[in-house]
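Working notes for the structure below.
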Amino acid sequence: MKKLLLLGDIHANYPALDAIANYIRPERFDWIINTGDFTVYSTFPNETIQWFRERTRTICILGNTDRKILRILKGKKLKKPKKKEKRVMYFWTSETLLPKNIAYLKSLPEQTDLTAGDFRIGVFHGTRDDPDEELFPSAPESRFRQLARDSVYQVQIMGHSHVPYYKIVDGIHFINPGSVGRMFDGDPRASFATLKIASAKIAVEHFRIPYTVEDVVKGLKEQKLPNIYAKMFRVGEKLN
Ligand SMILES: [Fe+2]
């Protein structure tokens with residue numbers, strides 16, 4: 001049997017990642033998957049990236065926030081987001097990242113795949129068609145059907161929507177582990193999932209676990225970053 005730990009949308013929330021690691025013991029897994037968005041909205045981008053760099057058997061891709069950070073570091077203009085308090089978080093992150101962690105981000109693809117048991121698994125930030133597509137579980141069945149059609153992947157693991165779900169449409173398994181570090185559903189606990197595969201058998205389990213949100217709030221205060229994010233982490237809502 002192969003065991004996969006599914007993480008994503010950590011958003012530099014190292015206290016949440018650390019709580020998950022203490023709870024689930026990542027060394028028990030064959031692979032640790034990260035669907036991207038390592039960075040932005042909390043003050044621990046270096047600790048977060050380092051956690052993956054220090055481990056073997058990790059499979060990571062870039063998310064939209066990571067791509068934006070790399071664009072800023074290349075000297076390109078940040079067109080979106082437009083909101084001032086969001087832009088501050090991007091610029092703070094790009095100034096704070098250590099060179100070895102920037103190099104690591106640069107080395108990552110935008111999507112990837114692997115094989116476990118009888119399953120070919122695709123890993124995407126948005127969807128296989130568009131890394132910026134937010135595929136919510138409430139999306140029309142027809143959209144899932146399109147993504148299932150001609151899919152070389154029997155399992156599609158996605159992030160970006162920050163909503164945990166598991167759906168089987170036309171025999172294709174769609175899994176979103178939710179967001180480790182930036183929840184939008186009013187539950188501030190960290191979200192992740194596990195995937196167990198034995199030959200043709202597949203089992204998905206979602207988890208929500210508490211972490212010390214005040215460690216994140218403290219980091220934001222110390223760096224004099226917008227107050228709205230302290231509230232966002234405390235209540236687990238998007239707010240802007
Ligand atoms: Fe995200």
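Helix 84-96 versus the longest principal axis of the chain: what is the Cα-based angle in degrees, 0 to 90, to the nearest 10?
Tilt of helix 84-96: around 90 degrees.
Mind checking the per residue accessible area of segment 43-121 for me, 1.4 Å probe, whole number of Å²?
Numbers: 4270 Å² over 79 residues.
With the other protein chains kept in place, segment 43-121 gives 54 Å² per residue.
Separation between the K80 and D129 pseudo-spin-labels, each 7 Å from Cα along Cα→Cβ, expressed in nm?
Simple spin-label model gives 1.7 nm for this pair.
Which percent, to the nearest 5, of DSSP beta bridges fully inside the chain are antiparallel?
65 percent
On the Cα set of the chain, report Rg and Dmax in Å, please.
17.1, 51
Which value at 222 nm does the chain reach when only helices count, each DSSP H run of 4 or more adding -39,500 (n - 2.57), with the total divided by all residues and rounded to the nearest 500 deg cm²/dmol?
Numbers: 8 runs with 78 residues, N = 240.
The per-residue figure over the chain is -9500 deg cm²/dmol.
Given springs between every Cα pair under 10 Å in a Gaussian network model of the chain, which of T96, T194, T43 has the largest fluctuation?
Result: T96 has the largest fluctuation of those listed.
Taking Cα centroids, how far is segment 105-181 from segment 24-99 in Å?
So the separation of the two Cα centres works out to 20 Å.
Under 16 Å Cα to Cα from K3, which aspartates and glutamates show up? Leave out anything in the same chain fewer than 8 places away.
Partners within reach: E27, D30, D113, D118, E205.
Which residue, M89, M183, M158, tops the fluctuation ranking in a GNM of the chain built on C-alpha contacts under 10 Å?
M89
Quick one: grab the alpha carbon gyration tensor of segment 97-187, order the square roots of its eigenvalues as a ≥ b ≥ c, and give me rounded if a/c is under 1.5, else prolate or oblate depending on whether a/b is larger than b/c.
Numbers: a/c = 2.09, a/b = 1.32, b/c = 1.58.
Oblate is the answer for segment 97-187, as a/c is 1.5 or above yet b/c matches or exceeds a/b.
When only DSSP loop residues count, what GluC sites (Glu not before Pro) in segment 1-79 have their Cβ near at most 12 other Cβ atoms within 10 Å?
On the way: sites: E27, E47, E54; in loops: E54.
Filter output for segment 1-79: E54.
Describe numerically, in nm with one decimal, the distance between label points set 7 Å from Cα along Cα→Cβ at Y23 and at S151.
Taking the simple label geometry, Y23 and S151 are separated by 2.6 nm.
With springs connecting C-alpha atoms under 10 Å apart, model the chain as a Gaussian network and identify which of H173, H11, H125 has the largest mean-square fluctuation.
Fluctuation is largest for H173.
The values are calculated or read from the model by the stated rules, or taken from the named source; none is laboratory data. This one's a predicted model, so the numbers in the text were calculated from it and none came from an experiment. For neighbour counting, all protein chains shown are included, and Cβ atoms are generated from backbone atoms with ideal geometry for every residue, glycine included. Side chains are part of the model used for accessible areas, which takes the heavy atoms of the whole protein and leaves out ligands, DNA and RNA. Shrake-Rupley method; radii C 1.70, N 1.55, O 1.52, S 1.80 Å.
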